[in-house]
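The values are calculated or read from the model by the stated rules, or taken from the named source; none is laboratory data. All figures in this text were calculated on a predicted structure; none of them were measured in a lab. Counting neighbours? That spans all protein chains shown, and the Cβs are built from the backbone with ideal geometry, glycine included. Surface accessibility is based on the protein's heavy atoms, side chains included, excluding ligands, DNA and RNA. Shrake-Rupley method; radii C 1.70, N 1.55, O 1.52, S 1.80 Å.
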Amino acid sequence: MLASVVCLLSVIARRLTPLSIMVRERTFIAVKPDGVQRGLIGEIIKRFEAKGFKLAGMKYIQASEDLLKQHYIDLADKPFYPGLCKYMSSGPVVAMCWEGTGVVKTARVMMGETRPADSKPGTIRGDFCIEVGRNIIHGSDSVESANKEIALWFKPEELVSWTQTNESWIYE
Ligand code: IDP
Ligand code: MG
């Protein structure tokens, strides 16, 4: 019952709200240092862009080990944590915020599994890498971690709200 009321309200809200000002879900994606070194920035961006997701923020930075320690804080007790933070801060990364309906989950599907060997061909990790410690891309694993990661990597003014003119060809 509650679910159908929520569904009805969201349908009404969609009818009343112009597509361009609806805030859709956001996720944090990063091309890791190995992805940058291997010349895969364009290939990765291309997939999200072609899918129909909207770029809300992007920066090219060499992140500090402190930022990476914070970013991967949930993995602090893993044996690979120090090496992971070092690898991630060893060269520039492309940090991005992508927006769209269901983008958190869909981006994870597009990325493939954490272990490239378990990733299907057609996914980013399935197509371009071999080892878990060199898996070229990061993507948030939930809406909650996406919000935390976006706030960690971007100041609010670095995120752009803009109208994607082809939106009505991507969403009904
Ligand atoms: P995810 O990137 O698919 O979300 P997580 O479990 O959150 O995977 O791990 C974060 C990152 O830590 C992985 O993308 C990978 O680079 C690294 N990592 C995970 N497991 C291992 C491991 O067993 N050895 C080395 N690095 C690992
Ligand atoms: Mg993760």
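Assorted remarks:
- Criterion: in contact with a helix residue (DSSP H, G or I) (Cβ under 6 Å, 6 or more places away or on another chain), under 22 Å from residue 162 (Cα atoms) and either more than 16 Å from ligand 2 (Cβ to nearest atom) or touching a residue at least 40 places away in the same chain (Cβ under 8 Å) (or both) - qualifying residue of 94, 103: 94
- Only residues that are open to solvent by 10 Å² or more (accessible area, probe 1.4 Å), within 28 Å of residue 154 (Cβ to Cβ) and either small (Gly, Ala, Ser) or within 13 Å of the chain's Cα centre (by Cα) (or both) were counted in the stretch 113-130, giving 1.
- Residues of the stretch 153-172 classified as surrounded by 14 or more Cβ atoms within 10 Å (Cβ to Cβ) and within 16 Å of the chain's Cα centre (by Cα), total: 4
- Checked against the criteria, residue 66 counts as free of Cβ contacts under 8 Å to residues at least 12 places away in the same chain, out of contact with any Cys (no Cβ under 6 Å at 6 or more places or on another chain), more than 12 Å from ligand 1 (Cβ to nearest atom) and open to solvent by 10 Å² or more (accessible area, probe 1.4 Å).
- Test for residue 108: is it of a type outside the set (S, T, N, Q), within 21 Å of residue 37 (Cα to Cα) and within 15 Å of ligand 2 (Cβ to nearest atom): no
Table: residues versus (1) open to solvent by 20 Å² or more (accessible area, probe 1.4 Å); (2) at pLDDT 95 or above; (3) hydroxyl-bearing (Ser, Thr, Tyr); (4) part of a helix (DSSP H, G or I).
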site: 23; (1), (2), (3), (4): yes, no, no, no
site: 27; (1), (2), (3), (4): no, yes, yes, no
site: 48; (1), (2), (3), (4): no, yes, no, yes
site: 70; (1), (2), (3), (4): yes, yes, no, yes
site: 106; (1), (2), (3), (4): yes, yes, yes, yes
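- Number of positions in the stretch 72-91 that are in a helix (DSSP H, G or I), more than 13 Å from ligand 2 (Cβ to nearest atom) and open to solvent by less than 40 Å² (accessible area, probe 1.4 Å): 2
- Only residues that are within 23 Å of residue 66 (Cα to Cα), out of contact with any Ser or Thr (no Cβ under 8 Å at 6 or more places or on another chain) and of a type in the set (Asp, Glu) were counted across the stretch 141-172, and they come to 4.
- Output for the stretch 146-165, where each listed residue is touching a helix residue (DSSP H, G or I) at 6+ places or on another chain (Cβ under 8 Å) and at pLDDT 95 or above: 146, 149, 152, 153, 159
- Selection within the stretch 92-104 - in a helix (DSSP H, G or I) and either more than 12 Å from ligand 1 (Cβ to nearest atom) or open to solvent by 80 Å² or more (accessible area, probe 1.4 Å) (or both): 103
- Inclusion of residue 80 among residues that are under 17 Å from residue 102 (Cα atoms), of a type in the set (A, V, I, L, M, F, W, C), out of contact with any Asp or Glu (no Cβ under 8 Å at 6 or more places or on another chain) and at pLDDT 95 or above is not warranted.
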